[in-house]
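This report refers to the structure that appears directly beneath it.
The values are calculated or read from the model by the stated rules, or taken from the named source; none is laboratory data. Note that this is a predicted model, so its numbers are computed, not measured. Positions of Cβ are backbone-derived with ideal geometry, glycine not excepted, and every protein chain shown enters the neighbour counts. Ligands, DNA and RNA are excluded from the accessible area calculation, which covers all protein heavy atoms including side chains. Shrake-Rupley method; radii C 1.70, N 1.55, O 1.52, S 1.80 Å.
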Amino acid sequence: MERQRSFAVKPTRFLVFTFTISSFIIFLSFISLWIVKNSPARPESFLFFNRTPVAVSFFRPVNLQTVNSFGRNFSRTDANNTHLIDTHFRKSENLSAHLKNPENITGYGGISIPGEQRNENAAEEGKKDGGADGNTTAIRPSDGETSIKEVEVQLPISEMIKNKEVKIPLEKLESPKKIVRNESHRCDLTKGKWVFDESNPLYSNGSCPFIDEGFDCEGNGRLDLNYKKFKWQPQDCDDYRFNATKMLELIRGKRIVFVGDSINRNQWESMLCMLFSAIKDPRKVYETRGRRITKKKGNYSFKFVDYKCTVEFYVSHFLVHEDKARLGRRRIQTLRIDTIDRGSSRWRGADVLVFNSAHWWSHYKTKSGINYYQERDQVLPRLDVNIAFKRALTTWGAWVDKYINSKKTRVFFRSSAPSHFRGGQWNSGGHCREATEPLNVTSSNLGYPEKNVIVEDVISQMKTRVTLLNVTGLSDYRIDGHPSMYGKSVVNRQGSRGGEDCSHWCLPGVPDTWNELLYFHLNYNEMVK
């Protein structure tokens, strides 16, 4: 009996002991959960790259290689050697009310904005807000200092930079691979002055075989050559310079295509000359169909053999289709403002597209707009030129949105270039032959052309990212840069007082600066890969 009782007692003690231990463990678990639940949540923030929110933890630095939309091997180490010019951020609508005094905010690429406090609730509110309104915000600290360091995000980026700007100095790039893609620029390239520079021009008219007769002012007898020595210096930017070799590397294996009127041909010839200056063997640059540049033929494609790239030009005065239609018993010339130019298939597949259209919209037919503009099968009896221009550009914009792959192609639209006729127009004795140096102030009658406003409006409504290459204001100073009476050979212009060219530009000359601006955008935005 004693032995049986002893056997019954031992299991009971074991069960009591087990129950006690289990209860204690459960109690500790509930306590731990309660502590975790009531502790302040560690915030997360969202860093936006190309409109895609990426959650970033506070306990480890961000490796940019994991969030770079371009697939480049751009790591945190590379960031220390990268020149940040500007950054496109997506703003959040409702979060600004929750930001009081953010401090030590670090944005994309380590742009530091000191002197503010962090709001602990901003991350949670950012998660609720979730979206972006698509606006571009510049950031500019009061002290003007910029640092590039390890990227650690402490608040939603879209709100950290709201209504703030950072002015970032420009530096020359050592390699086009070490560039961060950005959407706009911290320095304003359109504000500055023309300075006399003995190192200009970047090429000579004698060394470039691509300048046609109409732009070869020195070859046509112009003796005052200071127009070639002036260089555009933006007031808020460090010095920058076109580098032909680097530009050729940027477009290696690619197509850069200029589409537009003769002013764009002016810029295209300038680009050919600037790139040709870096070529050691002239035989390795040729027109693919053997064409010689003249005003008669409108389509050219020059191959740079060593770099396997082409620099092309396609004439399109209006970007929309020039046609003929029957009006009563006669056929008349019309402009179909709802139909893209028939040559548009040649533009597709380019890696860089540079468009322009403005020069021909001042022609008497376009300006009067009487029985000239056509939509579908209807010839419009009368239409204002600016309304027609906007409809034509809307047609162009719809074509770009439909057929251009923005991941492959960088699209530019160059603004209108000013003319400087005095005493009449191009067909009524207008001239500019007395001008030998730039104006000190812009011509008072120019203002900001309405066509530029229309271009900006159309671009703003497009899905495809288009960069406005704004050359209007800086070119307006250069009344001395036109061919004037030296747009023709000496034999052809003897005794001629009318028909001077104060619309196009001498080469070397002002269009070289346009291409420097184009190079700047390509180099610092890394859209050409």
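Numbers for the structure displayed
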read-out: Unique residue being in contact with a strand residue (DSSP E or B) (Cβ under 8 Å, 6 or more places away or on another chain) and more than 22 Å from A244 (Cα to Cα) when the list is F302, F276, F318; value: F318
read-out: Residues satisfying the stated conditions in the stretch 2-43, i.e. aliphatic (A, V, I, L, M), part of a helix (DSSP H, G or I) and either at pLDDT 70 or above or within 60 Å of the chain's Cα centre (by Cα) (or both); value: L15, V16, I21, I25, I26, L28, I31, L33, I35, V36
read-out: In the stretch 189-217, residue farthest from F302 (Cα to Cα) [restricted to those that are surrounded by 19 or more Cβ atoms within 10 Å (Cβ to Cβ) and not hydrophobic (A, V, I, L, M, F, W, C)]; value: P201
read-out: Of all residues in the stretch 485-505 being more than 25 Å from the chain's Cα centre (by Cα) and within 17 Å of H359 (Cα to Cα), the one that is modelled with the lowest pLDDT; value: G499
read-out: Any hit, the stretch 447-467, residues being under 29 Å from the mean Cα position of the chain (by Cα), at pLDDT below 95 and open to solvent by less than 20 Å² (accessible area, probe 1.4 Å); value: no
read-out: Residues located in the stretch 288-300, provided they are of a type outside the set (S, T, Y) and open to solvent by 40 Å² or more (accessible area, probe 1.4 Å); value: R289, G290, R291, R292, K295, K296, K297
read-out: Which listed residue is in contact (Cβ under 8 Å) with a residue 24 or more places away in the chain, open to solvent by 40 Å² or more (accessible area, probe 1.4 Å) and within 30 Å of K280 (Cα to Cα), from K303, K308; value: K308
read-out: Top-ranked residue of the stretch 311-329 - restricted to ones that are out of contact with any helix residue (DSSP H, G or I) (no Cβ under 8 Å at 6 or more places or on another chain) and outside any strand (DSSP E or B), ranked as most open to solvent (accessible area, probe 1.4 Å); value: R329
read-out: Any hit, the stretch 164-178, residues being under 20 Å from Y477 (Cα atoms) and either touching a Cys at 6+ places or on another chain (Cβ under 9 Å) or at pLDDT below 70 (or both); value: no
read-out: Count of residues meeting criterion [at pLDDT 85 or above and open to solvent by less than 30 Å² (accessible area, probe 1.4 Å)] in the stretch 418-432; value: 3
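Residues are listed down the side, and each one gets a yes or a no for (1) of a type in the set (S, T, N, Q); (2) part of a strand (DSSP E or B); (3) open to solvent by 10 Å² or more (accessible area, probe 1.4 Å); (4) closer than 30 Å to H321 by Cα:
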{"residue": "K231", "(1), (2), (3), (4)": "no, yes, yes, no"}
{"residue": "C237", "(1), (2), (3), (4)": "no, no, yes, no"}
{"residue": "T245", "(1), (2), (3), (4)": "yes, no, yes, no"}
{"residue": "R265", "(1), (2), (3), (4)": "no, no, yes, yes"}
{"residue": "W268", "(1), (2), (3), (4)": "no, no, no, yes"}
{"residue": "M271", "(1), (2), (3), (4)": "no, no, no, yes"}
{"residue": "L275", "(1), (2), (3), (4)": "no, no, no, no"}
{"residue": "Y286", "(1), (2), (3), (4)": "no, yes, yes, yes"}
